[in-house]
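Below is one structure; the comments refer to it alone.
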Amino acid sequence: RRQLVPAVLSMIVFTVVLGLGYGLLVTGIAQIPGLKDKADGSIVERNGRQVGSSLIGQAFVDRKGNAIPRYFQSRPSSAVGAAGDTDAGYDPTLSSGSNLGPSNPLLVGFIPGFNSVARNGSPSKRNPFASRDDPYCVPVDRKGEPVTSPTAGQRYKRTSDGEFVCDPNTVPQRVLAYRALNRLPARVEVPVDAVTASASGLDPDISVANARLQTKRVAGERGIPAARVRKLVDDHTSGRDLGIFGEKTVNVLELNVALDELAS
């Protein structure tokens, strides 16, 4: 009895202090002005409606998964939901990266057994899926799954013109899509964050270089001066952590909300 009573009392005291009191204390501190917004999830609102969190990225695409040109586009995401969900990623319950290595054909577009590009830069004749505009094509089967080890009798998905449909998730394909969306010539280098996913798949920011390359397209789609859009990009650019770590970034959601507010 001398041991049981203290043990029970200790359990009750520590349950109240640590299980209830500590939680209430932390919650109370989190509601202090200046901390409340972050503690509540850094929710972004527009016209009184919640449109997302500045801490979690989201895709700005239509129902078919196509990029909406009037919005700045986030970096790719590998946090893709189950079948039937959008392929744009950013599912907060499936935070993850692709975990593909730098030589993986699903990432770099090189198919084992084929030379994707000849030494002179033209498509290799040994790669039957390549074209002059798309020398790194990784074909997909009729279900849309990439085929990196072609076998005899393999059936592929084709366009109405008979061209092979290429896996859109390789870096070379993303580069082509990025240049096409932003009407960039082939000589323009594409920022790495525009064609690769983050480790979490939920990165809310893009690089300044990425944002600036999208500025002309967004301004044209909205019919506003490019200088005004560039000013918004500058206004929503965050500095390096502690002034020295990392790179300057632009929050995509906050920037797009600011753009919408220009027209309201």
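The values are calculated or read from the model by the stated rules, or taken from the named source; none is laboratory data. This is a predicted model, so every value here is computed, not measured. Heads up, the Cβs are rebuilt from the backbone with ideal geometry, glycines too, and the neighbour counts pull from every protein chain shown. Heads up: the accessible areas ignore ligands, DNA and RNA and are worked out on the full protein's heavy atoms, side chains in. Shrake-Rupley method; radii C 1.70, N 1.55, O 1.52, S 1.80 Å.
List of remarks:
- When Rg and Dmax are taken over the Cα atoms of the range 210-264, they come to 12.1, 37 Å.
- Backbone N within the range 182-215 under 20 Å of label point (7 Å from N104 Cα along the Cβ vector): 192-203
- Between V165 and R1, the distance separating the two model label sites (each 7 Å from Cα on the Cα→Cβ line) works out to 7.9 nm.
- For the range 160-254, the convex hull spanned by the alpha carbon atoms encloses 147 Å³ per residue.
- Listed residues A88, A227, A199, most fluctuating in the chain (Gaussian network, C-alpha, under 10 Å): A227
- Accessible area (Å², per residue) of the chain, counting only protein heavy atoms and a probe of 1.4 Å: 63
- Note on V192/K157: beta-carbon distance plugged into 1/(1 + (r/R0)^6) with R0 of 22 Å gives a FRET efficiency of 0.15.
- Spread of Cα-to-Cα distances over 10 Å intervals beginning at zero, given as percent, for the chain: 6, 22, 28, 19, 12, 7, 4, 2, 0
- Amide H contacts under 5 Å for S53: V44, restricted to partners 5 or more places along the chain or on a different chain, H placed in the peptide plane at 1.01 Å from N.
- Accessible surface of the chain [probe 1.4 Å, protein heavy atoms]: carbon and sulfur percent: 55
- For the residues G19, G57, G89, a GNM of the chain with alpha-carbon springs under 10 Å puts the largest fluctuation on G19.
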